[in-house]
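**Q** Structure in structure tokens, see below.
The values are calculated or read from the model by the stated rules, or taken from the named source; none is laboratory data. Here the structure is a predicted model, which is why all the values come from computation and not from measurement. Here the Cβ positions follow ideal geometry from the backbone for every residue, glycine too, while neighbour counts run over all protein chains shown. When the accessible area is computed, the model is the full protein with side chains, heavy atoms only, and any ligands, DNA or RNA have been set aside. Shrake-Rupley method; radii C 1.70, N 1.55, O 1.52, S 1.80 Å.
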Amino acid sequence: MNISPILLIEDEPSVTAFLRAALERRGYAVEDASSGAEGLEKLGDREYSGVISDIRMPGSVNGAEVHAWIQENRPELCTRIILISGDTANSETQLLLKRSGTPCIEKPFRVQQLLTVVEKTFGKP
Amino acid sequence: MPRATAKPSTRLARKRVKTPVSRPSLQAADELMELVVDAAHSRNLPAFLERFAQRATRMLDARWGGVMVFRGRETDLYQSGAEGIGLQASHQATLIRLGREARDETETRPVPFDRPFVGAGDSQKYGHIVDVTFVPITASDEEGLGCLCLIRGKGATSSDERNLLHALASHAALSLENFRRFSQLERSKRQWVEDIDAISDYIVVHDRSFRIVRTNGSLASHLGVPPAALVGDPMSSLRQIAETRTELPCPFCRDTQQAREEYIVASPERIFLISTSRTPGVSDDDTRTIHVLKDMTDRREAERRYRELFDSIQEGLFFATPDGRFLDVNDAMVRMLGYGSREELLRADVSTHLYPVAAERERFFSALAKRGVLRNYEETLRRKDGTLLHTLQNITVVRDASGKIIQIRGLMLDVTEQRTFQSQLQRERDFNQKILNTTQSMILVLDTAGLISYANRRAFESGYREDELIGHRLVDWVEAGGREDFEAALETTAHGHQVENLELRVRRSDTSMGHFSISLSPMRDEAGAVNSVVVVMTDITDAVLLQAKLAHSEKMATIGRLVSGVAHEVNNPLAAILGFTDLLLENPSIPANAREDLEIILHETQRTKDIVQDLLSFARQRPVQRELVHVNAVLRQTIKLRSYDFASHGVEVIEQFDEHLAHALGDGQQLQQVFLNILNNAYDAVQEAGQRGRITIRTSQQGSNIEVSITDNGTGVTDTERIFDPFFTTKQAAKGTGLGLSICYGIVRAHGGEILCRNNENEPGSTFVVRIPVATEAATGAAIGKEAGR
């Protein structure tokens, strides 16, 4: 089986650990990046079956920019993005989600919530 | 023998004086000729008359003769010598009485005397009754001048004798008349000299050769000599009096060809007006030059002083014609009216230019004509350059005998500066008054005892009555707790120091308490002592409230930012905890007791998640849906949610809705959340109070806001300020997160409105007020369009 991994962009290690555990236990391959910049670097190097990205991240590149970069450079991945938010009330985020129809999961979330969205977006592993 | 005439009238007889009677005796003719010569040469009337009496006595061979001369009621008697009959006073009186009665005719009649005559030699011949001949002496104008009176020893007079008597009487009359004229002339001449001498002016008359002919007494006495002493002296001797600087020998002559000259000569000491008249005589020798020297020194001095005063006085003085043309003005007047010189002002007929308003000029003249005198008459005149001159005038008119005004005299003061100063003062006063009255602060003046002596208009506009303020102590209006501070501030001010922005609560006229900023300044008298205190009071109640609101919303915003940050940071670990707990629970190898513990972790994590969600709601992170909201409808729905609880616990809900309430623009669901929160709070409060609960809900439109007030009769709120703070709760722990009202606060603020809480004033319980802006017409239109397009 040669399935491309899911790219997980999340600055919080504990959250990354939980997400990786939950996804891998369901059979997904996961590769992670601890910042937006690192995520974009990896996106430029190889193929991924989908991208899960936190919205609010420190550093120069946040989730919205990752989304924008994918739209621009990897349009085939445009429908395979899931955003994770710490505060969905943010108006910038609201706008982004509304415009693109990109699915978003609000922290904190249950494992089942996550998997439902992932399967729906990326399909089963 | 004397000859009788046909008509022996006195007139004829007189005419014949120079013509002796037809047949005069030689002796009588000689006597008459001598009489004429005597009369012509005689200068002494009494002596002549005595001689006349003697002559008449002799000519008519009488024993005694006398001539009576009438001088008014008096009679002088001149009689022949002692060789005749000596007449005693009583005899004379009788004769005089009869002589005055005698008329035209020569009359000889017996005269009874009261005593006999005593003759010189033949006294025995005369008894009491004696024949006396009376011949009246009558002037040419029939006036009785006197009477010739003869006592003869004989009987009746012959006609010759009568003619002679008439002739004598005519001579006597002529002589008396001549003497009288002569003495009149003499008297008049003497009088004339006396008159001339009485003139205080110096008079000197000189002839062609400049020799003094006459001087009057004044001139002579000035030189210290009798007038006659100067006669014949050369005129040059009078140079000491005054000098005209001429080459002529007379110091007072200038041009001898002129018949009249008049000029003023000033010597070092005196000033003379010399009037000269020259009278050409019949011959050259008769030419007379008369100089009259009038000493003008005093008058000139008076004139000089008057002129000096006139010119130097600072008030304007003027003389003008009745129609207002200046005849003379002083320098001050010229200056006042702005002309270059007196001549310029007098030359120009400025009377019409002077009056900027022509009617004023008419008013002036009619007032002057009516009253004759104007005192402190105020008049605005125009200077040469057109600028206005405010004057105060005192005017009098001079009238002629018929009452017609012939001159106007006046004194004029320039009061422009005073007027300007006055009006400036008035303007300043008005300005200050305006400031005092239009300022939004109350300005009061207190005396040193703290009693109000002045209050500006604002104070009364605020509702205070004059009788509540003036004369009362300001401190009585200050809230009891602040009186000590106020008294201390007053004390400080009384010592000359300023106190600023003292914030005190002061009772308003409507008995409500207001928050005032009070500044006190000392006001000093001329000596520098503080005699009163100026108090400026500004009602800052609204400002204080606003400031409190601002501080509150600032605080809430800060809390909002804080919780927003906290919530976000908490969400990450929560996500991990929740996630790993889920993963652990999926693990079938986890023992049952551990699974139970994990369930607790899961539950508490969920609870934490809810709290964080609420915090985020309060922090306004949730956007407000913008749609038209019927507030009344939202309220009714909300009430319905709790109606079961209300009914079952006997809580009465009173709806007082304004059914014409405008729409609000907002999120109906969020607003419902707000109202529900408040209702829950009210329900809890009335439950806690333990009496029959009542919740009153009112809606109304207040300006551009919809106001919802929810009043309960519950326990009230311990701290109305902090009640919207997150986690501020007085409820039991289980009842909620302590964020309910904080979320309400966030929602209402997100709607652009405000929410506040206060305890009811005169009854238990509290009231929550929610204000939300009314939807603007544009917003309403847009929302309706959106609804229609759906």
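**Q** Would you mind stating whether B:Ile654 is closer than 26 Å to B:Gly716 by Cβ and either within 14 Å of another protein chain (Cβ to nearest Cβ) or assigned to a strand (DSSP E or B) (or both)? Let's see the steps before the verdict.
**A** Numbers: closer than 26 Å to B:Gly716 by Cβ: yes; either within 14 Å of another protein chain (Cβ to nearest Cβ) or assigned to a strand (DSSP E or B) (or both): yes.
Considered against the rule, which asks whether it is closer than 26 Å to B:Gly716 by Cβ and either within 14 Å of another protein chain (Cβ to nearest Cβ) or assigned to a strand (DSSP E or B) (or both), B:Ile654 comes out as yes.
**Q** Hey, another quick one. Out of the stretch B:195-224, which residues are among the hydroxyl-bearing types (Ser, Thr, Tyr) and crowded, with 18+ Cβ neighbours inside 10 Å?
**A** Residues of the stretch B:195-224 among the hydroxyl-bearing types (Ser, Thr, Tyr): B:200, B:202, B:209, B:215, B:218, B:221.
Within the stretch B:195-224, B:Tyr202, B:Thr215, B:Ser218 meet the criteria.
**Q** When the stretch A:40-52 is examined, which residues are found to be more than 14 Å from chain B (Cβ to nearest Cβ), touching a Leu at 6+ places or on another chain (Cβ under 8 Å) and either surrounded by fewer than 15 Cβ atoms within 10 Å (Cβ to Cβ) or in contact (Cβ under 8 Å) with a residue 40 or more places away in the chain (or both)? Break it down stepwise before answering.
**A** The initial filter retains those residues of the stretch A:40-52 that are more than 14 Å from chain B (Cβ to nearest Cβ), namely A:40-51.
Checking the rest, the ones that are also touching a Leu at 6+ places or on another chain (Cβ under 8 Å) come to A:42-43, A:48, A:50-51.
The answer is A:Tyr48, A:Gly50, A:Val51.
**Q** State whether the residues of the stretch A:110-125 include one that is within 14 Å of chain B (Cβ to nearest Cβ), hydroxyl-bearing (Ser, Thr, Tyr) and over 30 Å from B:Gly560 (Cβ atoms).
**A** Yes, because at least one residue in the stretch A:110-125 is within 14 Å of chain B (Cβ to nearest Cβ), hydroxyl-bearing (Ser, Thr, Tyr) and over 30 Å from B:Gly560 (Cβ atoms).
**Q** Output the residue which, of all residues in the stretch B:142-166 that are of a type in the set (A, V, I, L, M) and open to solvent by 10 Å² or more (accessible area, probe 1.4 Å), is nearest to B:Asp76 (Cα to Cα).
**A** Of the stretch B:142-166, the ones of a type in the set (A, V, I, L, M) are B:145, B:148, B:150-151, B:156, B:164-165.
Restricting the remaining residues to those that are open to solvent by 10 Å² or more (accessible area, probe 1.4 Å) gives B:156, B:164.
Details: B:Ala156: 27, B:Leu164: 23 Å.
Step by step, filter the stretch B:142-166, then rank; the result is B:Leu164.
**Q** Let me ask something else about it. Here are some residues: A:Ile70, A:Ile81. Which one is in contact with a Leu (Cβ under 7 Å, 6 or more places away or on another chain) and modelled with pLDDT of 90 or more?
**A** Numbers: A:Ile81 fails: in contact with a Leu (Cβ under 7 Å, 6 or more places away or on another chain).
Among A:Ile70, A:Ile81, only A:Ile70 is in contact with a Leu (Cβ under 7 Å, 6 or more places away or on another chain) and modelled with pLDDT of 90 or more.
**Q** Can I ask one more? Across the stretch B:703-729, which residue is surrounded by the most Cβ atoms within 10 Å (Cβ to Cβ) among those that are part of a strand (DSSP E or B) and of a type in the set (A, V, I, L, M)?
**A** Ranking the qualifying residues of the stretch B:703-729, first place goes to B:Val708.
**Q** Can you name the condition, by its number, that A:Ala37 falls short on among (1) hydrophobic (A, V, I, L, M, F, W, C); (2) out of contact with any strand residue (DSSP E or B) (no Cβ under 9 Å at 6 or more places or on another chain); (3) open to solvent by less than 40 Å² (accessible area, probe 1.4 Å)?
**A** A:Ala37 satisfies every listed condition except (3).
**Q** Within the stretch B:604-615, identify whether any single residue is open to solvent by less than 70 Å² (accessible area, probe 1.4 Å), at pLDDT below 90 and away from chain A (no Cβ under 11 Å), and answer yes or no. Before the answer, list the steps.
**A** Looking only at the stretch B:604-615, we keep the residues that are open to solvent by less than 70 Å² (accessible area, probe 1.4 Å), and these are B:605-606, B:608-609, B:611-615.
So of that shortlist, the ones also at pLDDT below 90 come out as B:606, B:608-609, B:611-615.
Now restrict to residues that are away from chain A (no Cβ under 11 Å): B:611, B:614.
Scanning the stretch B:604-615 turns up at least one residue that is open to solvent by less than 70 Å² (accessible area, probe 1.4 Å), at pLDDT below 90 and away from chain A (no Cβ under 11 Å).
**Q** Could you please find all residues in the stretch B:509-565 being within 25 Å of B:Thr438 (Cα to Cα) and in contact with a helix residue (DSSP H, G or I) (Cβ under 6 Å, 6 or more places away or on another chain)?
**A** Of the stretch B:509-565, the ones within 25 Å of B:Thr438 (Cα to Cα) are B:509-524, B:532-546.
Residues satisfying the conditions are B:Gly514, B:His515, B:Leu520, B:Pro522, B:Val533.
**Q** Since B:Phe580 meets every condition but one in (1) away from every other protein chain (no Cβ under 12 Å); (2) open to solvent by 70 Å² or more (accessible area, probe 1.4 Å), which condition does it not meet?
**A** Here B:Phe580 meets the rest and fails (1).
**Q** Just give me the residues in the stretch B:93-109 being in contact with a Phe, Trp or Tyr (Cβ under 8 Å, 6 or more places away or on another chain), of a type outside the set (S, T, N, Q) and farther than 8 Å from B:Phe134 by Cβ, in sequence order.
**A** Let us first name the residues in the stretch B:93-109 that are in contact with a Phe, Trp or Tyr (Cβ under 8 Å, 6 or more places away or on another chain), namely B:94, B:98-100, B:102, B:106-109.
From what is left, the residues that are of a type outside the set (S, T, N, Q) are B:98-100, B:102, B:107, B:109.
The answer is B:Arg100, and nothing else.
**Q** In the set B:Ala594, B:Ala619, which member is more than 7 Å from chain A (Cβ to nearest Cβ), within 17 Å of B:Asp667 (Cα to Cα) and of a type in the set (Gly, Ala, Ser)? Even if it seems obvious, please write down each step before you answer.
**A** On the way: B:Ala594 fails: within 17 Å of B:Asp667 (Cα to Cα).
Of B:Ala594, B:Ala619, the one residue that is more than 7 Å from chain A (Cβ to nearest Cβ), within 17 Å of B:Asp667 (Cα to Cα) and of a type in the set (Gly, Ala, Ser) is B:Ala619.
**Q** Going through B:Phe675, B:Phe657 one at a time, which residue ends up being open to solvent by 10 Å² or more (accessible area, probe 1.4 Å), modelled with pLDDT of 90 or more and not β-branched (Val, Ile, Thr)? Can you show your working first?
**A** Details: B:Phe675 fails: open to solvent by 10 Å² or more (accessible area, probe 1.4 Å).
Checking each option against the conditions leaves just B:Phe657.
**Q** Of these, B:Met537, B:Met523, which one is open to solvent by 50 Å² or more (accessible area, probe 1.4 Å) and part of a strand (DSSP E or B)? Spell out the reasoning first.
**A** Numbers: B:Met537 fails: open to solvent by 50 Å² or more (accessible area, probe 1.4 Å).
Checking each option against the conditions leaves just B:Met523.
**Q** Pick from B:Pro227, B:Pro249: which is open to solvent by 30 Å² or more (accessible area, probe 1.4 Å) and under 16 Å from B:Thr289 (Cα atoms)?
**A** Details: B:Pro227 fails: under 16 Å from B:Thr289 (Cα atoms).
So the residue among B:Pro227, B:Pro249 that is open to solvent by 30 Å² or more (accessible area, probe 1.4 Å) and under 16 Å from B:Thr289 (Cα atoms) is B:Pro249.
**Q** Only residues in the stretch A:8-30 that are more than 9 Å from chain B (Cβ to nearest Cβ) and over 20 Å from A:Ser85 (Cβ atoms) count as the first member; pair them with residues that are surrounded by 15 or more Cβ atoms within 10 Å (Cβ to Cβ) and among the aromatic types (Phe, Trp, Tyr), Cβ under 8 angstrom, at least 6 apart or cross-chain, and list the lot.
**A** If the second residue must be surrounded by 15 or more Cβ atoms within 10 Å (Cβ to Cβ) and among the aromatic types (Phe, Trp, Tyr), the pairs left are A:Tyr28/A:Phe122.
**Q** In this structure, is A:Pro58 open to solvent by less than 20 Å² (accessible area, probe 1.4 Å) and either closer than 16 Å to B:Asn572 by Cβ or more than 11 Å from every other protein chain (Cβ to nearest Cβ) (or both)?
**A** It is false that A:Pro58 is open to solvent by less than 20 Å² (accessible area, probe 1.4 Å) and either closer than 16 Å to B:Asn572 by Cβ or more than 11 Å from every other protein chain (Cβ to nearest Cβ) (or both).
**Q** Still on this structure: Got at least one residue in the stretch B:313-327 being in a strand (DSSP E or B), touching a helix residue (DSSP H, G or I) at 6+ places or on another chain (Cβ under 8 Å), surrounded by fewer than 14 Cβ atoms within 10 Å (Cβ to Cβ) and at pLDDT 85 or above?
**A** Checked against the condition, which is being in a strand (DSSP E or B), touching a helix residue (DSSP H, G or I) at 6+ places or on another chain (Cβ under 8 Å), surrounded by fewer than 14 Cβ atoms within 10 Å (Cβ to Cβ) and at pLDDT 85 or above, the stretch B:313-327 yields at least one hit.
**Q** Let me ask something additional. Condition (residue is open to solvent by less than 90 Å² (accessible area, probe 1.4 Å), out of contact with any strand residue (DSSP E or B) (no Cβ under 6 Å at 6 or more places or on another chain) and charged (D, E, K, R)) applied to the stretch B:443-460: is it met by at least one residue?
**A** Looking for residues that are open to solvent by less than 90 Å² (accessible area, probe 1.4 Å), out of contact with any strand residue (DSSP E or B) (no Cβ under 6 Å at 6 or more places or on another chain) and charged (D, E, K, R), one finds none in the stretch B:443-460, hence no.
**Q** Using the structure shown, decide if B:Ser589 is within 14 Å of another protein chain (Cβ to nearest Cβ), more than 30 Å from A:Gly86 (Cα to Cα) and free of Cβ contacts under 8 Å to residues at least 12 places away in the same chain.
**A** Answer is yes for this residue.
**Q** From the residues in the stretch B:235-259 that are in a loop (DSSP other than H, G, I, E, B) and among the polar types (S, T, N, Q), which one is modelled with the lowest pLDDT? It would help to see each step written out before you state the result.
**A** Taking the stretch B:235-259 as the starting set, the residues that turn out to be in a loop (DSSP other than H, G, I, E, B) are B:239-259.
Next cut, among the polar types (S, T, N, Q) only: B:240, B:244, B:246, B:256-258.
On the way: B:Gln240: 81, B:Thr244: 68, B:Thr246: 73, B:Thr256: 83, B:Gln257: 83, B:Gln258: 84.
Per the stated criteria, the residue is B:Thr244.
**Q** With respect to B:His630, is the statement that it is of a type outside the set (Val, Ile, Thr) and more than 14 Å from every other protein chain (Cβ to nearest Cβ) true? Even if it seems obvious, please write down each step before you answer.
**A** Numbers: of a type outside the set (Val, Ile, Thr): yes; more than 14 Å from every other protein chain (Cβ to nearest Cβ): yes.
So B:His630 passes the test.
**Q** Only one residue in B:Val544, B:Val570, B:Val563 is within 14 Å of chain A (Cβ to nearest Cβ), in a helix (DSSP H, G or I) and open to solvent by 30 Å² or more (accessible area, probe 1.4 Å), so which one is that?
**A** After ruling out the rest, the residue left standing is B:Val570.
**Q** Quick one: in the stretch B:230-246, which of the residues that are out of contact with any Phe, Trp or Tyr (no Cβ under 9 Å at 6 or more places or on another chain) and among the hydrophobic types (A, V, I, L, M, F, W, C) is surrounded by the fewest Cβ atoms within 10 Å (Cβ to Cβ)?
**A** So, considering only residues that are out of contact with any Phe, Trp or Tyr (no Cβ under 9 Å at 6 or more places or on another chain) and among the hydrophobic types (A, V, I, L, M, F, W, C), the one surrounded by the fewest Cβ atoms within 10 Å (Cβ to Cβ) is B:Val231.
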